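Step one of this worksheet: look at the structure below.
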């Protein structure tokens with residue numbers, strides 16, 4: 001496991017020099033580039049492992065339940081909860097998730113979600129490229145972010161209200177072809193101004209909606 005993480009780290013560092021962990025965009029701002037591995041480091045769990053270009057573990061998800069979970073917990077590398085994501089309990093025509101800051105108890109009803117993420121169903125194909133919408137409040141008609149692209153091919157963009165791309169999911173290319181990454185390992189690039197942890201939370205919800 002340690003050798004695999006180091007191999008991923010070297011590939012991020014050597015194969016993606018244009019997007020190192022903290023690199024400059026064309027406008028001079030810093031962005032964050034992370035490697036996402038669709039696998040838990042705990043043998044009995046499903047989940048995700050996220051590392052930086054130095055091989056440091058920065059985020060993790062360990063899910064013990066089988067099937068499709070009703071709740072996900074995103075932790076930092078030390079195991080501290082960052083975001084709790086919970087399926088909306090009410091019956092809705094589309095897959096909707098509530099995003100809370102930190103860890104939220106199962107019986108907690110007073111805590112307010114900080115974001116709502118709703119899967120897009122384009123019946124009329126008005127916006128066929130949009131796969132999900134992110135709202136700050138449940139009754140908002142105007143979304144804070146849209147997610148565009150095709151998660152099944154690990155090619156998505158998070159776009160803000162000003163049509164600016166603030167995060168991007170890209171396929172991971174091996175530098176020398178020795179490691180068959182496929183769809184299980186990919187790159188998450190987050191622009192300055194967006195919390196990388198929140199961007200990773202959106203990745204988790206896309207995986208639930210489209211896997």
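When each of 60, 86 is scored by the number of other beta-carbon atoms lying within 10 Å, the sequence from fewest to most is 86, 60. As a proxy for reagent exposure, 168, 71 were ordered by neighbouring Cβ count within 10 angstrom, fewest first; the result is 71, 168.
Which residues among region 143-168 fall inside the zone where the amide N is under 16 Å from a point 7 Å beyond the Cα of residue 130, along Cα→Cβ? Counting only backbone N, you get 143-150, 157-166. Report the calculated FRET efficiency for residue 163 and residue 80 (r = Cβ-Cβ distance, R0 = 30 Å), to the nearest 0.05. Working from the Cβ atoms, E equals 0.30. A straight chain from residue 46 to residue 63 at 0.36 nm per residue would run longer than the Cα-Cα distance by 5.6 nm. If you take the square roots of the eigenvalues of the alpha-carbon gyration tensor of region 127-174 and sort them as a ≥ b ≥ c, do you get rounded (a/c under 1.5), prolate (a/b over b/c) or oblate? Prolate.
Every read-out reported here was derived from the displayed coordinates using simple, explicitly stated rules and does not represent laboratory data. What you see is a predicted model; the values in this text were computed from it and never measured. Ideal geometry is used to build each Cβ from the backbone, glycine not excepted, and the neighbour counts take in all protein chains shown.
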